[in-house]
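The values are calculated or read from the model by the stated rules, or taken from the named source; none is laboratory data. None of the values given here were measured: they were computed from a predicted structure. Here the Cβ positions follow ideal geometry from the backbone for every residue, glycine too, while neighbour counts run over all protein chains shown.
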């Protein structure tokens, strides 16, 4: 698959156009490359590669409905973001609203802790998509 993608991006006109669009969108647009179509095609190719990787990985490791939580552990980030998310997750597990009157309160708190981490991630992405310490870059044209 790697050799196929390498050959595609090196020798085909579409692959070279994708590289041009990713390096300089304005220059690619002026050269007649449909930049939006190239980006859509790049997303489609990446989804296809991810699907193929999932199919190849499925027989090796067991597929479980809780694999999303493994992804959450990876998404926790580095530095201050990781500390903030971990503290929010601990706070949500210990908060009175997380305590339930059901017989499996521990399971409910754990599930709420995992959902709270996703909510914090989504809020950070919605409020500060450039990152916690990132700056918004603007170009005057």
Scanning the stretch 9-32 residue by residue, the ones that are farther than 16 Å from residue 43 by Cα and more than 25 Å from the chain's Cα centre (by Cα) total 11
Residues that are at pLDDT 95 or above and part of a loop (DSSP other than H, G, I, E, B): does the stretch 60-79 have at least one? no
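For the stretch 44-59, how many residues are loosely packed, with under 10 Cβ neighbours inside 10 Å and assigned to a helix (DSSP H, G or I)?
1
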